[in-house]
């Protein structure tokens, strides 16, 4: 379910403060954030955020195409590590 239009997009307050501080300093350093639910605003374009996925921080370089999306969409939490080796052997014997 999406957020009500009359409420507007959600972003944590500390995130806006960190973005403004990074813009003011002029250095391109990774801003570590835990708020995967926050919406990407136009003020964030050009900055690099380290989005926490439960294990480590995934670097996300924000572009203009990401505006309106959530930070969590760009930092996957699950990693697919292939199927079992028995499936691979079966496929190898089927194809000549």
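Computed from the coordinates by the stated procedures, all read-outs in this text should not be read as laboratory data. In this text the structure is predicted, and so the values were computed from the model without any measurement. Here the Cβ is made from the backbone with ideal geometry for all residues, glycine too, and neighbour counts use every protein chain on show.
How much length is gained on full extension from residue 78 to residue 29, taking 0.36 nm per residue of separation minus their Cα-Cα distance?
Contour length minus the Cα-Cα distance gives 15.1 nm.
If you count the DSSP beta bridges with both ends in the chain, what percent of them are antiparallel, to the nearest 5?
65
Calculated FRET efficiency, residue 63 and residue 17, Cβ-Cβ r, R0 30 Å, to nearest 0.05?
It comes out at approximately 0.85.
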